[in-house]
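Asker: I have a structure I would like to understand better, so I am pasting it below and will then ask my questions one at a time.
Bear in mind that the values in this text are calculations on the coordinates, not laboratory data. Given the structure is predicted, the values throughout are model-derived calculations rather than measurements. A quick note on method: Cβ atoms are made from the backbone with ideal geometry, for glycine too, and the neighbour counts reach across all protein chains shown.
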Amino acid sequence: DSGEQYFNGEFSNLNSQVSSSLARNKYLTRLILERNGMPNIPFIRPKSINEAMDFLDTQQKIIVKPLRGAGATDIRIVDTIEQLTATNLSGKILEKYILGKEIRYLVLNDSVVAVHESRYGTSVEKH
């Protein structure tokens with residue numbers, strides 16, 4: 001009666017196939033946000049271990065995750081050079097680690113139409 005509507009699903013039918021495909025690639029999503037001046041976190045897809053080490057040095061604590069991961073699998077929190085050099089960086093994106101909850105917003109025509117708190121099994125803190 002309040003005029004609010006809710007939907008529940010893994011993929012929103014509001015998105016085209018192209019936008020859904022782009023959103024599954026974490027690096028492309030970050031690039032699109034950056035190029036459109038939208039809020040983002042520091043990230044890199046390193047071309048070398050030296051680039052990765054510079055990013056770790058700057059951020060102090062990072063998350064290494066697959067480009068097309070799902071359900072918080074194969075994610076590592078890294079805060080030492082030893083951890084980083086022991087990690088296969090092929091097909092990975094590095095992001096600044098930020099403590100807190102992961103909240104996702106669905107924005108349509110400059111309005112937030114849905115909010116989702118991610119809870120994928122084991123917390124990334126336990127990886």
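Asker: Efficiency by 1/(1 + (r/R0)^6): what FRET value for ASN109 and SER48, r their Cβ-Cβ distance, R0 = 35 Å, to the nearest 0.05?
Answerer: 0.25
Asker: Per 0.36 nm of contour for each residue apart, how much would the distance between ASN36 and THR58 grow if the chain were fully extended, relative to their Cα-Cα spacing?
Answerer: Gain on extension, ASN36 to THR58, equals 5.5 nm.
Asker: What lysines could a cross-link reach from LYS47, if we take a straight Cα to Cα line under 28 Å and drop same-chain neighbours fewer than 8 places away?
Answerer: Output for LYS47: LYS26, LYS61, LYS65, LYS92, LYS96, LYS126.
Asker: Would you work out if region 32-93 is rounded, prolate or oblate? Take a ≥ b ≥ c from the square roots of the eigenvalues of the alpha-carbon gyration tensor; rounded if a/c is under 1.5, else prolate when a/b is larger than b/c, oblate otherwise.
Answerer: Cα axes put region 32-93 in the oblate bin.
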